[in-house]
Structures are given as C-alpha cells and as structure tokens.
Amino acid sequence: MVLPSEPEFEQALGELSESIKEFLAANPSYKKAFEVVQVPERVIQFRVVWEDDQGRTQVNRGYRVQFNSALGPYKGGLRLHPSVNLSILKFLGFEQIFKNALTGLSMGGGKGGSDFDPKGKSDNEIRRFCYAFMSELQRHIGADTDVPAGDIGTGAREVAYMFGAYKKLRNEFVGVLTGKGLTWGGSHIRPEATGYGLIYYVEHMIAKACPEYSLNKSETLVAISGSGNVAQYTALKVLELGATPLSLSDSKGTLIAKSTVRGEGFTKEHVEKIAELKLRGGSLESIASEFGSKFEYHAGKRPWTLLPKVHIALPSATQNEVSGEEADALIKAGVRIVAEGSNMGCTPEAIEVFEKSRLAGGPNAVWYAPGKASNCGGVAVSGLEMAQNSQRLNWTQAEVDAKLKKIMADCYEICLDAGSKWSGERKADVLPSLLVGANVGGFIKVADAMRVQGDWW
Ligand code: GLU
C-alpha cells in the first residue's frame with residue numbers, strides 16, 4: 001500500500017513490480033504475496049528532543065520501519081540526514097528485505113533514522129542526539145527482534161553511542177546493533193564490507209561479460225561516486241587489485257583524475273586523506289587544491305559526464321545519483337559494467353538506458369547490477385557479526401573475508417540464474433538481466449517463507 005506522495009517508495013515498488021512481471025505471469029498465486037509484502041509489518045515514528053551546545057532545545061523526527069521479518073529479525077541501517085522522511089525509509093526498508101534475502105543469511109528487512117543533520121555538529125551534540133534517539137528506539141528493538149546498523153550519517157562513532165545508550169537503559173550487553181568496535185563485539189571487515197563486497201560481485205560480472213577489463217589491470221578505468229564508507233573501501237579494493245579509480249565525489253562536487261595512467265589516478269594515500277577529511281565533516285572542495293594539477297574539481301557535478309573514458313562505473317553515494325543523460329554519457333565513454341554501491345543509485349531513466357544497451361547485445365553492451373545485489377556485502381557482514389555475537393566468539397579477518405567472498409559469489413549466481421529464467425527470450429550474445437534476477441531471486445525466497453508462516457495463502 002502506497003500512501004500519498006511517497007515518490008522514492010513508489011519508485012522502488014515500481015522497479016520490483018516491473019522486474020517480477022514475467023515470474024508473476026507464470027506463477028499467478030504469488031500476486032497475493034506481492035500485495036502483502038509491500039505493506040510494512042510495523043512503522044514507528046517518534047520525537048527526538050536533544051540539547052545543543054548552547055543549551056537550547058532541538059527537536060527531530062525519529063523512525064524505524066520494521067518491514068518484513070519472514071527470514072529473521074528486522075535488519076537494516078539507520079540513516080541520519082536532513083532529507084530523511086517516511087518515503088525514503090520505506091524505500092530503503094523495502095529494498096533491504098530482498099537484499100538481505102540475497103545474502104542467504106537469516107535476516108528480515110528494516111530501516112530507520114532521523115532528519116537530524118550530523119554535519120557541523122560537535123562530538124557532544126552527536127552523543128546527546130544518539131542517546132536521545134536511543135531512549136525511544138530501545139523499546140522497539142532487540143538482538144532477536146530488530147538489529148539496526150550504520151547507513152549515511154551513522155558510522156562507528158554513532159553506533160558506539162547508541163550501543164552505550166541501549167546498554168545503560170536495558171542493562172544488557174547484547175548484539176543489538178552491528179558495526180560495533182572490534183574489541184566490544186564488532187566483526188573484522190565490517191567497515192570494509194560494502195565496498196569489498198561490491199568489488200567481489202563486480203569481479204564475477206567482469207569475468208563473464210568483459211574479461212579484458214580485469215581489475216588486475218592498471219588500464220581498467222573505474223568511476224566511483226561518493227566519498228563515504230562505501231566509496232572509500234571500493235576505491236581501496238580497486239587499488240589493491242591493480243585497476244585505476246578516476247573519481248570520488250560528495251554532495252558539493254566531484255574530484256577527477258585527468259590522466260588515465262595508473263599511479264596518476266587516486267592512490268591509497270589520497271583515499272586515506274579523504275577518509276580523514278570526511279571524519280571531520282569536511283568537503284572535497286576544501287582540499288581539492290592539495291591534489292595538484294593532475295586532478296580537477298568540478299563544483300556541483302557528479303562524475304558521470306566528466307570522464308572521457310570509463311570501463312566500470314560504481315555509483316556509491318546515494319539514491320537517484322545517475323540520470324538518464326548521465327547514463328548516456330557513460331555509454332559514450334565506453335562503460336561496460338555498472339554496479340551500485342548505493343541503494344537505488346540509478347534513476348529509472350538510467351536503468352532503462354543500461355537495460356536497453358544490454359538487450360542490444362554485442363561487444364559494447366552494458367551490464368547493470370542493482371544495489372540490492374551488488375551492495376549486499378555490508379549487511380552480509382552485519383549478519384556475520386550477529387552470528388559471532390550469538391557465539392560470543394570472534395572470527396579472524398581471513399575467515400570473515402572468505403565468507404564475504406562466498407556470499408557475494410552465491411548472490412551473483414542467484415541473480416544470474418533467476419535472471420536467465422525470468423528476463424525473457426534472449427539471443428545468444430545477450431546477457432541475462434541482473435535487475436530481474438536480483439528482484440525475482442529475493443522475492444521468491446521472502447514470499448515462500450511468508451506463505452508457510454501464514455502471511456498469505
Ligand atoms: N545500511 C547498509 C545497507 O544499506 C547496512 C545495513 C546493515 O548492516 O544492517 O545495506
């Protein structure tokens with residue numbers, strides 16, 4: 001059920017319903033599941049009152065959308081950003097249901113957050129906000145009920161404050177949040193997981209569609225948007241493997257490397273410098289001049305139209321960050337693989353451009369992967385953090401990384417398989433739709449669990 005004016009949620013719903021059309025036509029009984037799954041099991045809205053550094057009262061809106069618990073406790077991040085509203089959290093919670101299903105772990109889908117803007121706030125203000133936020137949220141969540149985590153605006157510091165608040169209020173040291181510090185219940189690789197997982201997924205896509213663009217080759221050119229957690233670890237993995245990242249961006253503009261020679265694109269030191277800047281809440285604009293003449297800063301622009309040559313594009317900032325025209329520009333620049341590190345990074349117009357190119361087939365076709373598949377590594381390692389918390393054990397970095405690789409490989413196989421079955425008749429040189437594959441694969445798993453649990457019949 002869509003309430004009036006929920007544009008982002010309607011977009012996410014529209015994408016799923018379009019993708020599962022062929023499956024529903026062949027399996028009409030599942031139409032009821034689609035009707036039921038689009039209504040959240042529960043939506044919680046609350047007031048968050050906190051004190052700023054001047055002793056003044058500040059008020060924000062807090063939310064938790066507990067969307068679906070067929071596969072496990074509600075699981076999903078908390079977004080702290082002034083744009084947050086119910087439409088955005090319903091879209092994110094809805095996506096999360098199917099994303100979590102694709103990890104193969106036991107997690108339902110949820111999302112929450114607040115219209116609080118962490119930018120420009122002092123550490124004390126952040127702490128007071130997190131404690132105020134958790135003073136209400138704590139009564140709705142629990143290690144076996146609903147396990148929040150990070151998202152835009154919620155990083156290690158915020159998770160730590162929220163965990164501290166929960167522990168004080170409930171007198172329980174439990175795995176009620178993921179993304180915790182390593183020494184107090186966190187998992188190795190959780191900070192890196194979304195970016196690393198994205199690249200593990202992309203490696204499978206490259207191997208099938210365009211092995212000539214292996215990430216082990218410095219000639220392979222990668223456009224990345226964003227400069228937060230996902231973008232940083234995506235760039236670092238690209239560098240570790242040997243390819244060349246050409247762009248990073250934030251809400252104010254984009255920094256691009258002018259040269260396409262490895263070593264002259266972003267380096268590990270550059271990414272570390274940006275990570276440190278972002279921790280302080282700074283903008284790329286403020287340090288652009290420190291990057292020297294081989295880099296160029298473009299105010300008010302996203303990377304997609306700025307690069308003359310790109311092989312792989314990884315939107316890793318936020319929703320609707322690639323327009324139809326930008327998708328056209330990427331195709332002109334030679335892009336072959338587009339995979340979202342962000343949630344719903346591409347607009348419907350951009351997806352149409354990429355899917356059309358895929359259907360045209362041949363050596364220049366683009367292959368597009370939606371975030372619910374390609375960025376599921378983050379929540380997957382959150383699931384592994386929950387498993388470690390249940391055992392009160394810590395796995396090694398190598399163990400977690402190996403499990404993440406296996407989860408991304410399995411997720412890719414599910415998408416490929418369901419995409420092959422349910423994305424229409426294809427010519428031999430046309431790849432299956434990973435969009436259809438991710439949506440159908442995730443939907444079947446959730447719908448089947450809902451049916452046996454009596455959610456629909
Ligand atoms: N916010 C991340 C996502 O969009 C991670 C959620 C989690 O770890 O629970 O998947």
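Could you please let me know if PHE173 is within 15 Å of the ligand (Cβ to nearest atom) and either modelled with pLDDT under 95 or among the aromatic types (Phe, Trp, Tyr) (or both)?
No; evaluated as a whole, the condition is false for this residue.
Working only within segment 45-57, note down all residues that are part of a strand (DSSP E or B) and in contact with a helix residue (DSSP H, G or I) (Cβ under 8 Å, 6 or more places away or on another chain).
GLN45, PHE46, ARG47, VAL48, VAL49, TRP50, GLU51
Please state which one of ALA447, ALA438, ALA428 is over 22 Å from the mean Cα position of the chain (by Cα) and open to solvent by less than 70 Å² (accessible area, probe 1.4 Å).
After applying the criteria, what remains is ALA447.
Yes or no: GLY181 of a type in the set (Gly, Ala, Ser), within 16 Å of the ligand (Cβ to nearest atom), buried (at least 16 other Cβ atoms within 10 Å of the Cβ) and at pLDDT 95 or above?
no
Determine if segment 373-387 includes at least one residue that is touching a strand residue (DSSP E or B) at 6+ places or on another chain (Cβ under 7 Å), within 25 Å of LYS99 (Cβ to Cβ), open to solvent by less than 30 Å² (accessible area, probe 1.4 Å) and in a loop (DSSP other than H, G, I, E, B).
no
Go through segment 3-32 residue by residue and tally those that are modelled with pLDDT of 95 or more, open to solvent by 40 Å² or more (accessible area, probe 1.4 Å) and of a type in the set (A, V, I, L, M, F, W, C).
Total meeting the criteria: 2.
Filter segment 160-178 down to the residues that are in contact with a helix residue (DSSP H, G or I) (Cβ under 6 Å, 6 or more places away or on another chain), under 16 Å from TYR131 (Cβ atoms) and open to solvent by 10 Å² or more (accessible area, probe 1.4 Å) and list them by number.
Scanning segment 160-178 gives a single hit, TYR161.
Residues in segment 115-133: is at least one closer than 24 Å to GLY377 by Cβ, crowded, with 24+ Cβ neighbours inside 10 Å and at pLDDT 95 or above?
No - not one qualifying residue is present in segment 115-133.
Yes or no, residue by residue, for (1) in contact with a helix residue (DSSP H, G or I) (Cβ under 8 Å, 6 or more places away or on another chain); (2) open to solvent by less than 10 Å² (accessible area, probe 1.4 Å); (3) within 16 Å of the ligand (Cβ to nearest atom):
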site	(1), (2), (3)
SER135	yes, no, no
GLY153	no, no, yes
ALA156	no, no, yes
GLU212	no, no, no
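The values are calculated or read from the model by the stated rules, or taken from the named source; none is laboratory data. The model shown is predicted, which means the values in this text are computed figures rather than measured ones. Using ideal geometry, Cβ is built from the backbone for each residue, glycine included, and neighbour counts are taken over all protein chains shown. The protein model used for the area step is the full one, side chains on, heavy atoms only, and it has no ligands, DNA or RNA in it. Shrake-Rupley method; radii C 1.70, N 1.55, O 1.52, S 1.80 Å.
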